[in-house]
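Since the structure comes first, as structure tokens, the remarks are kept for the end.
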Amino acid sequence: MRRVIRLFKCHRSSGVSLIEVLIGIVIFTFGVLGLVGLQASMTRAQTSGKARADATGLAAEVVGAMWADAANIAKYHGHDCEGYDPCADWQGKVGRASHGGGARQPGGAASAGPD
């Protein structure tokens, strides 16, 4: 009779290992999904950071050009910028850096970017 009870107990607990393995797989899957989401958010942050660094570099460049060319500083404002080569070159760099988007002139007027 003891032998029958032992066989019955072993038979009842045989599915516990399978449930433990399935729970482990589910936990592992959530961990992997979390890592994929973290990598995606890190890629977005890196792209945003690069765009900010590029914008800062371009802004520093035009400010330096304006300081070096103080006699013609009025040409860096508004539509006068299009006819002045140093400012027009800077506008071209901004347009290329923003992938053809609307570049902002130092005076605040928007341009169509490089043609």
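None of the figures in this text is laboratory data; all of them are computed from the coordinates on show. Just so it is clear, the model here is predicted, and its values are computed rather than measured. Please note: Cβ atoms are built from the backbone with ideal geometry, for glycine as well, and neighbour counts cover all protein chains shown.
Round to the nearest 0.05 the FRET efficiency obtained for Thr43 and His77 when R0 = 41 Å and r is the Cβ-Cβ distance.
Computed FRET efficiency for Thr43 and His77: 0.60.
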Dipole magnitude of the stretch 2-97, debye to nearest 20 (Cβ charges: Lys/Arg +1, Asp/Glu -1, about Cα centre): 1760
Ala53 versus Lys93: modelled label distance in nm, points set 7 Å from Cα along the beta carbon direction: 1.7
Signed unit charges on C-beta, dipole axis of the stretch 13-94, positive-most listed residue Val32, Ala65, Tyr76: Val32
Dipole-positive endmost among Thr56, Val21, Val94 within the stretch 2-97 (Cβ charges, Cα centre): Val21
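Hey, fewest Cβ within 10 Å first, where do Met42, Met66 land in order?
Details: Met42 10, Met66 18.
Going from sparsest to densest Cβ surroundings: Met42, Met66.
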Per-residue ³J(HN,Hα) for the stretch 60-77, Karplus 6.51 cos²θ - 1.76 cosθ + 1.60, θ = phi - 60°, Hz, x for Gly and Pro: 5, 5, 5, 5, x, 5, 5, 5, 6, 10, 4, 5, 10, 5, 5, 6, 8, 10
